[in-house]
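Taken together, the values in this text are just the output of simple stated rules run on the coordinates, not laboratory data. Keep in mind it's a predicted model, so treat the numbers as computed, not measured. Heads up, the Cβs are rebuilt from the backbone with ideal geometry, glycines too, and the neighbour counts pull from every protein chain shown.
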Amino acid sequence: MLLTASMWFYVQHLLVGHQKAYAAAHAIPRGNLSDLYPRWLGARELLLQHRDPYSPEVTRDIQIGYYGRQLDPARPLDPTDQQGFAYPVFVVFLLAPTIALPFSTVQIGFRWFLLILTAVTVPLWLRALRWRISCVAIATLVILALGNFPAVQGIKLQQLTLLVSGMIAGCAVLLVSNHLLLAGIVLALATIKPQIVLLLTVWLLLWALSDDHDRRRFIWAFALTMAALLAGSEYLLPGWIARFARAVVAYREYLNHPKSVLLTLTTSGWGMLFSALILIMLAVVCWRTRHAPADSPRFGLMVSLVLAVTVVVIPMTAPYNQVLLLPGVLLIVRHRRSLWTKHPIMRATCVISGLIVFWPWLATLGLTVASFFVPAERVQDAWAVPLWTSLAIPVAVLVLLAAVLNEVSRAAIDDHSRSEPGQGASPGA
């Protein structure tokens, strides 16, 4: 609770305080700064006024609400993010119930919804991973989940990534519970952020196709839901796919072609090479694990691994995407003893990775204590300290997940060997 409180204090009073002071000193516009607003306004304009949400006119209206005024290219310090409607049209189906309400009401309600959803995601993942722990342990994990920087940033910004993260957790639980129809529908709805669920969708479809007789319900539910979403979008806005593609290209251009975590930590050449190698190794592991039952440890591990790889290789470094690392972190904690008893190099890796993951909490706790003795302006100057390890966290989680995968694979081989008497025994044994 202390770590979570210090993180919220840091974000609200130190990070936001620094941003407000910097914006005031440099005449940088600040409006509602809600990532939900561009999608909400685009949905309202499309459904009520039949306006193209990708049009420059709607983009201008979004900027006025998001920043407080239209961005001016003549001002070099104005934000580069144009806040265009860079989402598939079918996101409006999820937002349709809110378009008749004032955005101030929607903003408050959605913030509380994300807070509750983030808390619920923890027990959902625990159930999907089939890990039973005490109520005190669950409460501890929930409090920490609500107090890590990616979740706090996502809630403050009202990022739809947190909604998609909850949908992914729900899909995993439904698969484990053998509710394949509902799982396919939920996964299709999660494609409102296609870059986040692309690798997961490929893996789950491969898994479903590997046992078509028993898992065909998942395939049909996903395919029919996607067909309905695409057809409904085409009905609302004919030719929307081409406009969406142009919006995505424009988004990457005005953000100066955002890079992935690996490309940012290394160079473009090495980053591309490492990304390709990781994707190739992931493809091999997915192929070998495609027959795993949904309620098996290997299936939960694969879902966690695919999400961790997604965070590492997608061309975005926004911390709020790291909420997808939650199942991976849970698995690492679950296998902590076996990882710790391995080679000294693995112990050192665990220590370093643990420090990388816990550093934001340690730093925010220190800044919170310092704020009682040091002027606010001086403490705000250290706003970047808790974010020093932000880019390294996904890599650290992925490395430990790879070690967990090796552990689970060896355990599966040992179980298979023990189930076949005589295997590995000498003739005279």
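Between the Cα long axis of helix 212-236 and the first principal axis of the chain there is an angle of about 10°, rounded to the nearest 10. Between Gln19 and Thr267, how high is the FRET efficiency from 1/(1 + (r/R0)^6) when r is the Cβ-Cβ distance and R₀ = 25 Å? Nearest 0.05. With a Förster radius of 25 Å, E is 0.25. Between Ile143 and Ala228, full extension at 0.36 nm per residue minus the direct alpha carbon distance yields a gain of 26.8 nm.
Stretched out straight at 0.36 nm per residue, the stretch from Trp131 to Ala276 would grow longer than its current Cα-Cα span by 49.0 nm. Farthest towards the positive end of the charge dipole of the stretch 232-344, among the residues Gly269, Ala308, Gly232, is the Cα of Ala308, using unit charges on the Cβ of Lys, Arg, Asp and Glu. Just so you know, the Rg over Rh for the stretch 1-160 is 1.04, from Cα atoms, with Rh as the Kirkwood radius.
Taking Gln70, Gln12, Gln49 as the candidate residues, the one with maximal mean-square fluctuation in a Gaussian network model of the chain, Cα springs under 10 Å, is Gln49.
Determine by what factor the alpha-carbon radius of gyration of the chain differs from 2.2 N^0.38 Å, reporting the quotient. Intermediate values should be presented prior to the final figure.
Working: Rg = 23.1 Å, N = 429, 2.2 N^0.38 = 22.0 Å.
That works out to 1.05 for the chain.
Here each label is just a point 7 Å from Cα along the line to Cβ, and for His291 and Ala119 those points are 4.4 nm apart. Full extension of the chain between Val248 and Asp212 yields a length gain of 9.5 nm, computed as 0.36 nm times the residue separation minus the alpha carbon distance.
Please report the orientation-averaged projected area of the stretch 48-137, defined via the convex hull of its C-alpha atoms, in nm². Display every interim value, and only then the final one.
On the way: hull surface 37.8 nm².
In nm², the orientation-averaged hull projection of the stretch 48-137 is 9.5.
Model label sites at Arg336 and Asp81, defined 7 Å from Cα along the beta-carbon direction, differ in position by 3.3 nm. If you run the Gaussian network model on the chain, springs between alpha carbon atoms under 10 Å, then out of Arg334, Arg410, Arg217 the most flexible one is Arg410.
Listed by chain and number, the aspartates and glutamates whose C-alpha is less than 14 Å from the C-alpha of Lys342, apart from same-chain residues fewer than 8 away, are Glu407. As a size descriptor, the averaged projected area of the C-alpha convex hull of the stretch 294-379 was calculated at 8.4 nm².
Could you work out the mean projected area of the convex hull around the alpha carbons of the stretch 183-332, in square nanometres to one decimal?
On the way: hull surface 40.7 nm².
With every direction weighted equally, the projected area is 10.2 nm².
Note down, for the stretch 1-56, the three equivalent ellipsoid semi-axes (square root of 5 times each alpha carbon gyration tensor eigenvalue), biggest first, whole angstrom. Ellipsoid half-lengths, sorted descending, are 33, 18, 6 Å. Packing, as the average of other Cβ atoms within 10 Å across residues, places the peptides 123-133, 264-274 in the order 123-133, 264-274, highest first. Take every pair of alpha-carbon atoms less than 8 Å apart whose residues are at least six positions apart; their mean separation over the length of the chain yields a relative contact order of 19 percent.
With both labels modelled 7 Å from their Cα along Cα-to-Cβ, the Ala402 to Ala27 distance reads 5.0 nm. Rounded to the nearest 10 degrees, the inclination of helix 240-254 to the longest alpha-carbon principal axis of the chain is 80 degrees.
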